[in-house]
Amino acid sequence: MQNLDFFPSRTLTVYLARLFVVRIAAVLVMLILVLMMLDLLAKSGEILAVPGNGQAQLLTYVSLRMPELVETFLPYSVLLATIITLLTLNQNSEVIAMKAAGMSAFQVLAPLLLTALVVSGLSFAFNERIVTRATATLSAWSANDYAPLPPGSDVLANVYLSDGTNVLMAETVSGHGESTRLSGVTWYRLGPGGLIAEQITAPAATYAAPGWRLTDATRFSVERVARTAVPEVIVGEGIQPDALRLSRVNPDAETFRSLGQIIEQYRQAGRRTSALEASRWHKLSGPLAAFLMPLLGAIAAFGLARSGKLFVRALIGMALGFAYFVFDNAALAMGSFGGYPPVLAAWLPFVLFFLIGQTVLVRTEE
């Protein structure tokens, strides 16, 4: 008669969990080192092309890019670690010994599922505290062509807003409220037919309440084909500082709470929020992908090792895992375009593949 307890003995639970954690860490370190090296080789030329940049800037890039890689590839690491762990246990007949002791397939997987759930929780906390800040800084830095960023927190990059028929563009936006500062500013005054009649560029701009004060600016008149220096000019009187923040939102650079506040501001402004809502819900469902991986890779644990089908079982487990990631990305894209409700777009892949994993496990148990 099989044991009805969900978990096996404490000793076996600790043994399997420790085995699983070591393999997750090993696979994650291997993936991150290889991908970080390739990414750094691709970006080092751009970084070092900026005067004054050197080894310190390369290390800064690594420190900002690595959290993104960890967030992206942690579920893949859990999937590969699941298959490696279960294949090893199967080949060494440890799964057969556990089954012979009366353990069910669910009990064999329980320590792995518990470990994966803890990993999911840590992943969510890591994303909220570290990844969002690193992503925001790296996005602004790369948009500034890896030149030094202006002082200030929560820097935005490549922001543009319209004031009637005119357009204000800024390479970076730093600060909040009336202390907002723009750098790399360009003001386009459009004429009849939407053609540019005048262009004003300036290295920086500050909020003039109302409007934006451009200093040391240069005005180019299309009609006269003439360029003149302008010590100071105020433009964009209809553009408020808060509008700059709402004009360009990177969901990956926002926490779950801050993204909710931005969505509420969008609603009050009458703007479409489906893409942001889908991304916000995905901040919860995304980390839980690690919890799914032991279920999807469980097929590698069961079946006779001497049957010669272990490799096929491993491929099936990998195929199920990668199918989840493909479907997850597709559903999130559909949610962003309004094809699915945002909640459904974020949670449907998780629920669907959770049921698939349960079905595979039940059929294996039978």
Env charge @ Ile263, Cβ radius under 9 Å, K,R +1 / D,E -1, value 0
Per the helix-only model, the chain has a calculated mean residue ellipticity at 222 nm (DSSP H runs of ≥4, -39500 (n - 2.57) each, divided over all residues, rounded to the nearest 500) of -19500 deg cm²/dmol
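Once you list every other residue whose beta carbon is under 14 Å from the beta carbon of Val70, what net charge do they have if Lys and Arg are +1 and Asp and Glu are -1? Walk me through the intermediate numbers first.
Details: positive: Arg65, Arg129, Arg133; negative: Asp39, Glu68, Glu71, Glu128, Asp252.
Once all neighbours under 14 Å are counted, the net charge is -2.
By counting other Cβ atoms within 10 Å of each Cβ, how are His282, His176 ranked from fewest to most?
Going from sparsest to densest Cβ surroundings: His176, His282.
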Listing Trp347, Trp281 by rising number of other beta-carbon atoms within 10 angstrom, fewest first, gives Trp347, Trp281
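Let me check against my output: what whole-number percent is the relative contact order of the chain, with C-alpha pairs under 8 Å and at least 6 apart?
17 percent
Roughly speaking, what is the stretch gain from Ala147 to Leu58, that is 0.36 nm per residue apart minus the C-alpha to C-alpha distance, in nm to one decimal?
On the way: separation 89, 0.36 × 89 = 32.04 nm, distance 1.23 nm.
My answer for the length gained is 30.8 nm.
Kindly put Glu46, Glu223 in sequence by how many other C-beta atoms sit within 10 Å of each C-beta, fewest to most.
On the way: Glu46 13, Glu223 8.
In increasing order of surrounding Cβ atoms, one gets Glu223, Glu46.
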Net charge (Lys, Arg +1; Asp, Glu -1) of residues whose beta-carbon lies under 11 Å from that of Ile83, Ile83 excluded, is +2
Percent relative contact order for region 156-245, counting Cα pairs under 8 Å at least six residues apart, stands at 24 percent
Rg from C-alpha atoms of the chain, normalised by the globular rule of thumb 2.2 N^0.38 Å, equals 1.28
Distribution output for region 156-245: share of Cα-Cα pairs per 10 Å bin in percent, first bin at 0, values 18, 53, 25, 3
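Since every read-out is calculated from the coordinates, none of them should be taken as a lab result. Fair warning: this is a prediction, and the values are worked out from it, not measured in the lab. Virtual Cβ from ideal backbone geometry, glycine too; neighbours counted across all protein chains shown.
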